[in-house]
Ligand SMILES: Nc1nc2c(ncn2[C@@H]2O[C@H](COP(=O)(O)OP(=O)(O)OP(=O)(O)O)[C@@H](O)[C@H]2O)c(=O)[nH]1
Ligand SMILES: [Mg+2]
């Protein structure tokens, strides 16, 4: 039977940091397009994750976590701007919150939606954390009553619960229009970006305090002409002390991080990888980018 894709559009996935936006986009798309850690503000740029269905093409925009003005720190102003930018493109919003937890930043996001008058599906994530489903029902009732919220769907992105229902609800609210992306295309980001993001994820996972936020990764060399892909990655940090921590005693920590990153890059490329990593500290005030 031929495919008849007639509904398509951009769906901005908004929410405060750590509610599971990237986990949700990856689960919906069926591939890891966006990195995930247990630390807030992991996502730093808007990333497209494209889901091709029989009758629809849903283009999710994973965004950095939004914070209210009072909570701003590090580079959160720029991250907020990036997330709000996604709204200008969006046909629909998935507002992601955590089950049974409602914070000031959630109200702040609702205010934003009201200002720009965009409809949102309230996606209540991490329902797996609660055995008592009645408490979730009460939470859904309490927070669905808002003029911008058109539907409410409880899900668990991590355990793939209720995601097909969420897709059906999204499709219902998408405009009828020709899809913009070719079938098979799952993200707007190239392989270079995805490789550096894998390394950043592994660094964020292993580092503590402010350190995860002060590292940048850059791909210095990529050669996939031979059987083994040769990759050189540069990790840049702002202080020599940070460089020492990342490398660890006798290079132990960097070895663990690089091994985890290599395995994931091999998975992405479907090829064996030889990964060489270097850590360099860049003086304060200088751009981390070469
Ligand atoms: N128990 C549970 N944990 C989840 C679920 N979804 C995500 N998580 C966890 O929540 C943490 C944050 O997940 P992310 O997907 O990085 O959250 P995010 O909203 O993209 O975070 P930022 O990019 O920092 O804004 C990770 O430790 C995930 O494993 C879920 O459905 N259930
Ligand atoms: Mg994220």
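Of all residues in the stretch 208-230, those satisfying the criterion of being farther than 14 Å from residue 257 by Cβ, assigned to a strand (DSSP E or B) and touching a helix residue (DSSP H, G or I) at 6+ places or on another chain (Cβ under 9 Å) are 216, 218, 219, 222, 229. Beta carbons closer than 9 Å, at least 6 apart along the sequence or on distinct chains, never pair a first residue in the stretch 61-83 that is not assigned by TED's automatic domain parsing to the domain that holds residue 46 with a second that is modelled with pLDDT under 95 and surrounded by 17 or more Cβ atoms within 10 Å (Cβ to Cβ). If you check residue 152 against the conditions, is it touching a strand residue (DSSP E or B) at 6+ places or on another chain (Cβ under 7 Å) and in a loop (DSSP other than H, G, I, E, B)? Answer is no for this residue.
Applying the criterion of being without any contact (Cβ under 8 Å) to a residue 24 or more places away in the chain and assigned to a loop (DSSP other than H, G, I, E, B) to the residues of the stretch 178-196, the residue that is nearest to the chain's Cα centre (by Cα) is 190. For residue 215, all conditions in the list (1) within 18 Å of the chain's Cα centre (by Cα); (2) loosely packed, with under 14 Cβ neighbours inside 10 Å hold save one; what is the number of the exception? Evaluating residue 215 over (1) within 18 Å of the chain's Cα centre (by Cα); (2) loosely packed, with under 14 Cβ neighbours inside 10 Å leaves (2) as the failure.
Of all residues in the stretch 47-91, those satisfying the criterion of being assigned to a strand (DSSP E or B) and within 16 Å of ligand 1 (Cβ to nearest atom) are 47, 48, 49, 60, 61, 62. Filtering the stretch 115-126 down to residues that are part of a loop (DSSP other than H, G, I, E, B) and crowded, with 17+ Cβ neighbours inside 10 Å, which residue is modelled with the lowest pLDDT? So the residue we want is 118.
Each residue in the stretch 31-45 was checked for being within 19 Å of residue 71 (Cα to Cα) and within 6 Å of ligand 1 (Cβ to nearest atom), and 5 pass.
Yes or no, residue by residue, for (1) part of a loop (DSSP other than H, G, I, E, B); (2) touching a residue at least 12 places away in the same chain (Cβ under 8 Å); (3) more than 30 Å from residue 214 (Cα to Cα); (4) touching a helix residue (DSSP H, G or I) at 6+ places or on another chain (Cβ under 6 Å):
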| residue | (1), (2), (3), (4) |
| --- | --- |
| 109 | no, yes, no, no |
| 113 | no, yes, yes, no |
| 136 | no, yes, yes, yes |
| 143 | no, yes, yes, no |
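Number of residues in the stretch 275-290 that are in contact with a helix residue (DSSP H, G or I) (Cβ under 8 Å, 6 or more places away or on another chain) and modelled with pLDDT of 95 or more: the value is 4.
Residue 214 satisfies every condition listed in (1) more than 23 Å from residue 86 (Cβ to Cβ); (2) at pLDDT 95 or above except (2).
If you check 59, 11, 29, 5 for being within 16 Å of ligand 2 (Cβ to nearest atom), more than 13 Å from the chain's Cα centre (by Cα) and over 29 Å from residue 209 (Cα atoms), only one passes: 11.
The values are calculated or read from the model by the stated rules, or taken from the named source; none is laboratory data. It should be emphasised that the depicted structure is a prediction, and the values quoted were computed from it without experimental measurement. Cβ atoms come from the backbone with ideal geometry, glycine included; neighbour counts cover every protein chain shown.
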